[in-house]
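Quick one: this structure, given as structure tokens, is what I'll be asking you about.
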Amino acid sequence: QVTLKESGPGILQPSHTLSLTCSFSGFSLSTYGMGVSWIRQPSGKGLEWLASIWWNGNTYNNPSLKSRLTVSKDTSNNQAFLKVTSVDTADTATYYCAHTPTYYPFAYWGQGTLVTVSS
Amino acid sequence: DVVMTQTPVSLSVSLGNQASISCRSSQSLLHSDGNTYLSWYLQKPGQSPQLLIYLASNRFSGVSNRFSGSGSGTDFTLKISRVEPEDLGVYYCFQHTHLPLTFGSGTKLEIK
């Protein structure tokens with residue numbers, strides 16, 4: 001059974017760095033073809049893909065966030081991480097991590113973690 | 001970026017009837033490896049999205065056979081036959097052929 005859970009600060013100030021952790025079970029990020037992705041959703045709005053990290057260490061980021069995104073993983077502890085630098089109010093959203101096998105992306109999702117950027 | 005255009009924006013369907021949602025991409029989603037990387041998701045109220053269809057026409061494990069996906073190139077359709085109350089929510093198409101990966105803006109399905 002695949003499960004994922006996001007954790008984060010809840011609230012942070014503008015210009016700070018957002019750090020999120022995705023803890024998962026039921027699969028391994030060392031398995032060929034496996035990945036974890038990050039997606040966010042502002043309240044009442046649509047979904048935006050942010051980044052993905054793959055079993056081989058390859059990462060892909062959404063260029064709309066310029067160079068503010070860093071995604072990484074700890075395979076031994078079944079965790080993936082997302083950092084977003086220089087946050088502002090536009091980064092306020094629910095952030096999801098999702099199990100991303102090559103052919104059926106976002107097969108399973110975490111419950112999401114709400115991040116509010118406010119001074 | 002590949003723009004995914006979903007129509008309609010909202011849809012009101014009577015229980016037992018069929019619903020159809022269109023998704024058009026600004027570029028062909030046929031990958032050089034021969035696959036078409038188009039998926040459909042349903043986000044029920046207050047929940048995380050869930051995968052319904054992948055590779056344009058393959059139902060994900062456990063998804064009702066009332067859901068079917070079709071299409072190729074730039075034109076795709078999700079059909080929901082015999083709509084049930086638990087089908088309400090927002091449906092999103094998504095492409096992962098081209099970077100950056102992009103979602104459609106969503107179609108809200110309401111039950112009449």
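Just to be sure I understand: with springs between alpha-carbon atoms less than 10 Å apart, which residue in A:P101, A:P63, A:P42 has the highest mean-square fluctuation in the Gaussian network model of chain A?
A:P63
List residues of the stretch A:6-23, by number, whose backbone nitrogen lies under 16 Å from a label position 7 Å along Cα→C-beta of A:S118.
Under 16 Å, as judged by backbone N against the label point of A:S118, lie A:9-15 of the stretch A:6-23.
Using unit Cβ charges (K, R positive; D, E negative) and no other charged atoms, how large, in debye to the nearest 20, is the dipole of the protein assembly as shown about its Cα centre? Walk me through the numbers on the way to the answer.
Working: 15 positive and 12 negative charges, 35 e Å.
With only Lys, Arg, Asp and Glu charged at Cβ, the dipole is about 160 debye.
Residue by residue through B:38-45, how many Cβ atoms from other chains fall within 10 Å of the Cβ on average?
Details: counts 0, 5, 0, 5, 0, 4, 0, 0.
Mean partner shielding for this stretch: 2.
Within 10 Å of each residue's Cβ, count the other Cβ atoms and sort A:C22, B:C93 from fewest upward.
Taking fewest neighbouring Cβ atoms as first place, the list is A:C22, B:C93.
Separate question: Along the Cα→Cβ direction, 7 angstrom out, place labels at A:D88 and B:S70. What is the inter-label distance in nm?
4.6 nm
Right, here's the next one. For chain A, modelled as a Gaussian network with Cα springs under 10 Å, which listed residue fluctuates most, A:W38, A:W109, A:W49?
The residue with the greatest mean-square fluctuation here is A:W49.
Arrange B:I21, A:I39 by Cβ neighbour counts within 10 Å, fewest through most, would you?
Values: B:I21 22, A:I39 28.
Lowest to highest Cβ neighbour count: B:I21, A:I39.
Which parts of the stretch A:89-103 would a label at A:S7 reach, counting a residue when its backbone N lies under 17 Å from a point 7 Å out along Cα-to-Cβ?
Under cut-off, by backbone N: A:95-98.
Let me ask something else. Assuming R0 = 41 Å, what is the FRET efficiency of A:D74 and B:S32, from their Cβ-Cβ distance, to the nearest 0.05?
Efficiency, rounded to the nearest 0.05: 0.80.
Continuing with this model, one more query. Working out 0.36 nm times the residue gap between B:S12 and B:L99, then minus their Cα-Cα distance, what length gain in nm do you get to one decimal?
28.0 nm
May I pose another question? Between the stretch A:1-45 and the stretch B:61-112, what is the separation of their alpha carbon centroids in Å?
Using only Cα atoms to place each centre, the spacing works out to 23 Å.
Report the one residue of B:L109, B:H98, B:S48 whose Cα lies farthest in the direction of the positive end of the charge dipole of chain B (charges on C-beta: Lys and Arg +1, Asp and Glu -1; origin at the Cα centre).
Among B:L109, B:H98, B:S48, the one farthest towards the positive end of the dipole of chain B is B:L109.
Further, regarding this structure: How large is the dipole of the stretch B:48-100 about the Cα centre if only Lys and Arg carry +1 and Asp and Glu carry -1, each at its Cβ, rounded to the nearest 20 debye?
About 120 debye.
A further question follows. So if I take the alpha carbon set of the protein assembly as shown, get Rg, then get Rh from the Kirkwood formula, what is the Rg over Rh ratio?
Reported Rg/Rh (Cα atoms, Kirkwood Rh): 0.96.
Under 5 Å between amide H atoms, partner at least 5 residues away or on a different chain: which partners does A:Y108 have, H built in plane at 1.01 Å?
A:H99
Something else about it: Using a 10 Å cut-off on Cβ to Cβ distances, tally the other chain neighbours for every residue of B:93-102 and report the average as a whole number. Intermediate values should be presented prior to the final figure.
Values: counts 0, 5, 2, 10, 0, 0, 6, 10, 12, 5.
Partner-chain Cβ atoms within 10 Å, mean over residues of B:93-102: 5.
None of the figures in this text is laboratory data; all of them are computed from the coordinates on show. It should be emphasised that the depicted structure is a prediction, and the values quoted were computed from it without experimental measurement. Reconstructed Cβ throughout: ideal geometry from the backbone, glycine too, with neighbour counts over all protein chains shown.
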